[in-house]
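Student: Take this structure, written in structure tokens, and hold onto it; I'll ask about it next.
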Amino acid sequence: MRHVRTYSLGRVRRVPKALAIGVLALAGLTTGCEPGAVGVTQPTAATPAATRTADDSKPSGGPASPSATPSRTPSARPSPRPETLMSTGDRSRQVRELQARLRQIGHFDRSPTGYYGTATAASVTSFQGKRGLPRTGRTDTVTWQRLLAMTRKPTAKELDPPAAAPTASPDARCLTGRVLCISKNSRTLSWMIDGRVVSSMDVRFGSQYTPTREGTFSVYWKSRHHVSTLYDSPMPYAMFFSGGQAVHYSSDFAARGYSGASHGCVNVRDEGKIAALFEQVKNGDKVVVHQ
């Protein structure tokens, strides 16, 4: 175990590094609370085995006479592999449409986020398996055309639903002014101005060991491309409201949903929504975190 030195009344004391980081975090001297599951890497879609072709090399033993040369029948050319259109790690409006179409036929059980994570790859694999297609988890041209034939064009509400969960009734502290009203019970964030809900989105919180603080706060710092100094991980569109805790986009949340948790921050999984929210929120705006 690595140790760090601390100083107290002129004496040097050695304490475990993990304990030192915990003390700094509690003191609010470090920023960051991502990712939701430390050490978990997102699996990539399986790559199909390479296709073997027949050996067309020249036979050994010297040239044979024309009469002894066996007749050859033309062999069929192998069909080209389908082009991959979308795969794990992609972010786009087309991914959002893919998720909405999969949801229409029961292969995607959450709101579209536009991020192609492990949950999307698993849904595509399920769709491919039931249609007799190679179960790659990648959306190739064949998979996409089959999906288009089975579904309709998603509506604007299907592509950008308000939130997967019903938005909670706002806390009384959220009814005046500009407020990020965050409910732990409904797991939603509502951006409100003078009691009117402007936008809402799904969120997740810290675990029982690193809980998200409840109470009334205010946004004191915005950082569009923030990287956690505590966990060395990205926290895009971060809006800090209490020490190192912030509202920010989480690719882990987008990929794995509620199977993970933050280290205290309020995670948003829809990058488009939090990008728009980041542009509207100002330093000094109120933040209310309640049950």
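The values are calculated or read from the model by the stated rules, or taken from the named source; none is laboratory data. Quick caveat: nothing in here was measured; it's all calculated off a predicted structure. Cβ: placed from backbone, ideal geometry, glycine included. Neighbour counts: every protein chain shown.
Student: When both residues are 6+ apart or on different chains and their Cβ atoms are under 8 Å apart, which pairs have a first residue that lies in segment 99-127 and is on the phi > 0 side of the Ramachandran plot, and a second that is of a type in the set (D, E, K, R) and not in a loop (DSSP other than H, G, I, E, B)?
Tutor: Listed by first residue and then by second, the contacts come to G114/R91; G114/R93; G114/R96; G114/E271.
Student: Might you check whether a residue that is within 20 Å of the chain's Cα centre (by Cα), modelled with pLDDT of 95 or more and closer than 25 Å to G284 by Cα occurs anywhere in segment 208-221?
Tutor: So far as segment 208-221 goes, yes, one or more of its residues are within 20 Å of the chain's Cα centre (by Cα), modelled with pLDDT of 95 or more and closer than 25 Å to G284 by Cα.
Student: Quick one: which residue in Y237, Y258, Y249 is surrounded by fewer than 18 Cβ atoms within 10 Å (Cβ to Cβ) and touching a Lys or Arg at 6+ places or on another chain (Cβ under 8 Å)?
Tutor: Y258
Student: Can you confirm whether S190 is outside the structural domain of S87 (by TED's automatic domain parsing), closer than 20 Å to I274 by Cα and under 21 Å from the mean Cα position of the chain (by Cα)?
Tutor: Criteria met by S190.
Student: Pick from S186, S228, S207: which is closer than 15 Å to Y249 by Cβ, of a type in the set (G, A, S) and either surrounded by 14 or more Cβ atoms within 10 Å (Cβ to Cβ) or touching a Cys at 6+ places or on another chain (Cβ under 6 Å) (or both)? Break it down into steps so the answer makes sense when it comes.
Tutor: Numbers: S186 fails: closer than 15 Å to Y249 by Cβ; S207 fails: closer than 15 Å to Y249 by Cβ.
Every option except S228 fails the conditions.
Student: Among the residues of segment 206-219 satisfying the criterion of being in contact with a Gly (Cβ under 8 Å, 6 or more places away or on another chain) and part of a loop (DSSP other than H, G, I, E, B), which is nearest to R187 (Cα to Cα)?
Tutor: Going through the qualifying residues, I end up with T212.
Student: Sticking with this structure for a sec: With the condition kept exactly as written, say whether any residue in segment 262-270 is over 29 Å from A122 (Cβ atoms) and out of contact with any helix residue (DSSP H, G or I) (no Cβ under 6 Å at 6 or more places or on another chain).
Tutor: Within segment 262-270, none of the residues are over 29 Å from A122 (Cβ atoms) and out of contact with any helix residue (DSSP H, G or I) (no Cβ under 6 Å at 6 or more places or on another chain).
Student: Please identify the pairs in which a residue from segment 79-90 that is in the same structural domain as A119 (by TED's automatic domain parsing) has its Cβ atom under 6 Å from the Cβ atom of a residue that is crowded, with 18+ Cβ neighbours inside 10 Å and modelled with pLDDT under 90, counting only partners at least 6 apart or on another chain.
Tutor: Qualifying pairs under 6 Å: S87/A45; T88/A45.
Student: Further, regarding this structure: Only one residue in D270, D232, D285 is charged (D, E, K, R) and closer than 14 Å to C33 by Cβ. Which one?
Tutor: D232
Student: Do you know which residues across segment 108-141 are assigned to a helix (DSSP H, G or I) and either closer than 18 Å to Q94 by Cβ or under 22 Å from the mean Cα position of the chain (by Cα) (or both)?
Tutor: The answer is T118, A119, T120, A121, A122, S123, V124, T125, S126, F127, Q128, T141.
Student: Further question: Scanning for something out of contact with any Asp or Glu (no Cβ under 9 Å at 6 or more places or on another chain), assigned to a loop (DSSP other than H, G, I, E, B) and at pLDDT below 90, does segment 232-255 turn up at least one residue?
Tutor: yes
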